[in-house]
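Beneath this line is the structure, given in structure tokens, with notes to follow.
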């Protein structure tokens, strides 16, 4: 990597990729904003800079964490086109636009599978598990007041767990994407293909199933220790919920239907009792 | 209430506008708003429930997921100011439509942001600086202002509504029943998403 690529500034600007997200051109403004320091370094404050920014204000949308790959790649190609002969320049500009269009979809799919569905779910389950374990630890004490005091302090543990675990992986990955895009250029697709992305996503999903089971075990233990094991009967409704979700019924509708049933049952109990 | 409005608005920015560092997730937002309004443990309980219900929702392209940050923040604030745990179930049930209302506000705001494209291209046509930093900063300010207005309107309104209906309605929706149902549904949501190919 040459000293001319302002890696730190471009990386920090990738955090604002979706600030001006709109329905017409989606992440276009954010993309141009992120790549602007590199373009200013290449072209200075000239008409070429304006032309370059105009090229990168076209429709663009992909996963915000992996967009850095295309941003780094764009910076590299713009650098090459600035040094190229006039005839070759248009070809390189067309090539950048083609690569952005072709790669944004697959990168979005990888990002959704890896981060939104995979890592975020696993970290959320881990965080909830941390909270349940903390509650179990506190339930061993007979002093209710002390337990409530400790629980207030330990309430931040799951949230901190979630944010730290998630960003420990996500932030270095986002930085690596910008750097890799600039270093590898067009060959980044071949380089990414070498990583076992699908196996990684499958491993995270399997791990999340174990975390889900762990959460259920911890909740069951909490209910037994607090003398309310009857609430475990709520798990009997899970297959019904799964069937409803697979029929395409939204979570909100299922939740409100359930609340309606709860209200009817409670009303019936009050009337009969 | 000012602290909660500011905190919730700042956390809402993390969902899409800046960073996506997961501060806007219900488990984090619920705990923080719970802490600022006096009961972090209650905030954590509400945040965990909302997180499980919407953990698998993906913010893809034009799709806007239900605003889990708003649901968690509103439910926790209303419960903390209307009686605590006994009304948490009612507060959660009431907060979901407000979360959808917040989502509609996001849709409207993003529609308006399409005007930035014309403004920037117009400036470039007249050989002026496209002012991308200014556009980005203005977009963040507008998003923050929109969230602040939303929370300034909904926090006191919802508190009043929950207090009015706490007695009769929360007897029909006790928190333990709502938590059990919500927890089971959350498990179903997670299990279903992990089992799908």
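The values are calculated or read from the model by the stated rules, or taken from the named source; none is laboratory data. Quantities reported herein were computed from a predicted structural model and do not represent experimental measurements. No Cβ is skipped: glycine too gets one built from the backbone with ideal geometry, and neighbour counts run over all protein chains shown.
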Exercise. Would you pick out the residues in segment B:21-50 that are more than 9 Å from chain A (Cβ to nearest Cβ) and either closer than 14 Å to residue B:83 by Cα or touching a strand residue (DSSP E or B) at 6+ places or on another chain (Cβ under 8 Å) (or both)?
Worked result: B:37, B:38
Exercise. Hey, among the residues in segment B:85-107 that are under 15 Å from residue B:182 (Cα atoms) and within 10 Å of the chain's Cα centre (by Cα), which one's farthest from the other protein chains (Cβ to nearest Cβ)?
Worked result: B:95
Exercise. Could you say whether any residue in segment B:86-104 is in contact with a strand residue (DSSP E or B) (Cβ under 7 Å, 6 or more places away or on another chain) and part of a helix (DSSP H, G or I)?
Worked result: no
Exercise. Is it the case that some residue within segment A:206-222 is within 30 Å of residue A:70 (Cβ to Cβ) and either at pLDDT below 85 or within 9 Å of chain B (Cβ to nearest Cβ) (or both)?
Worked result: yes
Seminar exercise, completed: Exactly one of A:64, A:37 is within 14 Å of chain B (Cβ to nearest Cβ) and not in a helix (DSSP H, G or I), and that one is A:64
Exercise. With respect to the numbered conditions (1) farther than 25 Å from residue A:70 by Cα; (2) away from chain B (no Cβ under 12 Å); (3) out of contact with any helix residue (DSSP H, G or I) (no Cβ under 8 Å at 6 or more places or on another chain), which one is the sole condition not fulfilled by residue A:225?
Worked result: (3)
Exercise. Does residue B:169 satisfy being modelled with pLDDT under 90, within 11 Å of chain A (Cβ to nearest Cβ) and surrounded by 17 or more Cβ atoms within 10 Å (Cβ to Cβ)?
Worked result: yes
Exercise. Condition test on residue A:171, is it without any contact (Cβ under 8 Å) to a residue 24 or more places away in the chain and either under 20 Å from residue A:128 (Cα atoms) or assigned to a helix (DSSP H, G or I) (or both)?
Worked result: yes
Exercise. If you take the residues in segment A:118-151 that are facing chain B (nearest Cβ under 9 Å) and at pLDDT 85 or above, which one is farthest from the chain's Cα centre (by Cα)?
Worked result: A:128
